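The values are calculated or read from the model by the stated rules, or taken from the named source; none is laboratory data. Please read these numbers as outputs of a predicted model, since none were measured by experiment. We place every Cβ from the backbone using ideal geometry, glycine too, and count neighbours over all the protein chains shown.
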């Protein structure tokens, strides 16, 4: 591949599916490199040279490695501005846009993880998110401004949050409010979500067959 190539490391039905959805929405060419988690390929030396933590997603673009879901969303939407999914620097929405992309990983995920493990949050002075109810109240208040996260403006942040809320509501990790239900329905009916769901389903069948062939 040339120096302008985009390589995307993916595993079906993981956080990486959100990035695959973003790539489909952006309609840009990329090389898909799929890891079979059932065979532990994310823990093999080849991938650990990409991400020593053995986590997906990861991308390599123009030779630059980017990991962490929020960082990848920021990077891709800025690198491919043709679809207008990222408010530019100087746009009044740029700050709120970055805030909500980072809020996902810095507050929402820790809050959901603690709740799923039946753990109390750390003391307020050490908690990265405060408390679960406060996080959810903030999300619901933002969604009430709809139809998208920033009113009428659809951005890459909507793909991230639409994916995250559909998954966490589906697993009973997040209360399904009227605002969340309507938002998830609005976002995930976009064609890019159906394409990714089909791709992930096909990849999972391939992975399951490979795992059985290996005695898994």
>> Can you say whether residue 110 is crowded, with 16+ Cβ neighbours inside 10 Å, within 19 Å of the chain's Cα centre (by Cα) and either without any contact (Cβ under 8 Å) to a residue 24 or more places away in the chain or in a loop (DSSP other than H, G, I, E, B) (or both), as far as the supplied structure shows?
In response: yes
> Just a yes or no: is a residue in region 22-31 free of Cβ contacts under 8 Å to residues at least 24 places away in the same chain and not in a helix (DSSP H, G or I)?
Replying inline: yes
> Which condition breaks for residue 120 when tested against (1) farther than 23 Å from residue 179 by Cβ; (2) within 21 Å of the chain's Cα centre (by Cα); (3) without any contact (Cβ under 8 Å) to a residue 24 or more places away in the chain?
Replying inline: (2)
> Which one of these is assigned by TED's automatic domain parsing to the domain that holds residue 68, touching a helix residue (DSSP H, G or I) at 6+ places or on another chain (Cβ under 9 Å) and buried (at least 19 other Cβ atoms within 10 Å of the Cβ): 56, 28?
Replying inline: 56
>> Given the criteria at pLDDT below 95, out of contact with any strand residue (DSSP E or B) (no Cβ under 6 Å at 6 or more places or on another chain) and either under 27 Å from residue 172 (Cα atoms) or outside any helix (DSSP H, G or I) (or both), does residue 123 qualify?
In response: yes
>> Checking the condition under 22 Å from residue 25 (Cβ atoms) and surrounded by fewer than 18 Cβ atoms within 10 Å (Cβ to Cβ), which residue from 176, 185, 208, 120 passes?
In response: 185
> Can you name every residue in region 163-173 that is without any contact (Cβ under 8 Å) to a residue 12 or more places away in the chain and either touching a strand residue (DSSP E or B) at 6+ places or on another chain (Cβ under 6 Å) or crowded, with 16+ Cβ neighbours inside 10 Å (or both)?
Replying inline: 167
> Any idea which of (1) in contact (Cβ under 8 Å) with a residue 40 or more places away in the chain; (2) in a helix (DSSP H, G or I) is the one residue 46 doesn't satisfy?
Replying inline: (1)
